Amino acid sequence: MATLTPRDIVLLCIFFCITDISEGEWNTRDFQRREHSLVKPYQGSGMNVPQWDFLGSTMVTNSYIRLTPDRQSKAGAIWNNVQCFIQNWELHVQFKVHGGGKSLFGDGFAIWYSKNRMESGSIFGSADPFTGLGIFLDTYSNHNGPHNHNHPYISAMINNGSLMYDHDTDGTLTQIAGCEAQFRNRDYDTYIAIRFENNKLTVSTDIDNKSGWKECFVVDGIKLPVGYYFGVSAATGDLADNHDIISVKFYDLDGVDAENTAPYTGLPEAKVMEAPRDRIDDAKGSYLLGSMTGWKLFVIIILLIIGIGVCVMVGVMVFQKQQENSRKRFY
């Protein structure tokens, strides 16, 4: 049996180290681009952050960038000020959504690849309509119309500038895909990955503390032009949450063949969308009844009738007792 010499052992150690490093990388073609990334330490000179601009209630700390505090009616955003001319890319966002609300909280945040930047508005703190890609991490359900998912919910929308985001339906009228994702109030790091490669959009999450990506959805037939901007925005309304961004890391996926492919410069386009759902306006104050259907509503009506009957009987008994007492005083 052959024995290993000290030289052989050293060579084996070097081999395994190189193998571990190569397997640990996401892809050997990928490399991070600093001009579209945001990592700690955030500050440059003074309070400025290189390549990024801030809007609204955004606050920069040493550990995170808080888009909104856990207070009502706040909106904030961060926008990269460098246009992206890379055709195939991947964006990793480390975030934390947390707050004191146990059952009521909101509203959520959005990750953008958009033609316009630094414009406040009604879509999680950003302008509506927009032109580009929006990834929405929605924590509050408006319960309008038919829903087949719970919240928090992640969805994607491709817009050529002609569509409006409908908050009353949580964007289900215009989404191209979505998935449920319980990312709120986690005690560990939470991440989302957005990958656009060869006209395919893939969104994955790492929100279960497993140090691995879980696919949320994949959509083919997506066209996104070069020259747009990346950004993240968040908003609160009557309900609130802290919306924190810890890091944004941009990876270039273009290989040697990308130089031979003419970049797309038309309008954003999606060949497929989820089946449209009719918009149903909720009557004012109908939130409770709107969520109660079938036998549940019937049981509630019966209980209300029984309750009213009991109140009437108690009232009659009290009235009769008062009449008897008044007659005794009269005699």
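Ordering 121, 73, 140 by Cα displacement along the dipole of region 60-163 toward the positive end leaves 73 in first place; charges were set at the Cβ atoms of Lys, Arg (+1) and Asp, Glu (-1). For region 148-214, the per residue solvent-accessible surface stands at 43 Å², with DNA, RNA and ligands left out and a 1.4 Å probe. Pairs over the 21 Å Cα-Cα cut-off, from the set 200/249; 96/214; 214/249; 74/214; 40/74: 74/214; 40/74. Only the Cβ atoms of Lys and Arg (+1) and of Asp and Glu (-1) were treated as charged; on that basis the dipole of region 51-126 about its Cα centre amounts to roughly 180 debye. Put simply, the amide H of residue 81, placed in the peptide plane, has neighbours under 5 Å in 52, 53, leaving out anything fewer than 5 places away on its chain.
Residue-wise HN-Hα couplings along region 218-224, as the Karplus relation 6.51 cos²θ - 1.76 cosθ + 1.60 with θ = phi - 60° gives them from phi, are 9, 10, 8, x, 9, 10, 10 Hz; Gly and Pro carry x.
The values are calculated or read from the model by the stated rules, or taken from the named source; none is laboratory data. Treat the numbers as computed from the prediction; the structure is a model and nothing was measured. Don't worry about glycine lacking a Cβ; one is built from the backbone with ideal geometry, like all the others, and counts go over all protein chains shown. Surface areas here come from the heavy atoms of the whole protein model, side chains and all, with no ligands, DNA or RNA. Shrake-Rupley method; radii C 1.70, N 1.55, O 1.52, S 1.80 Å.
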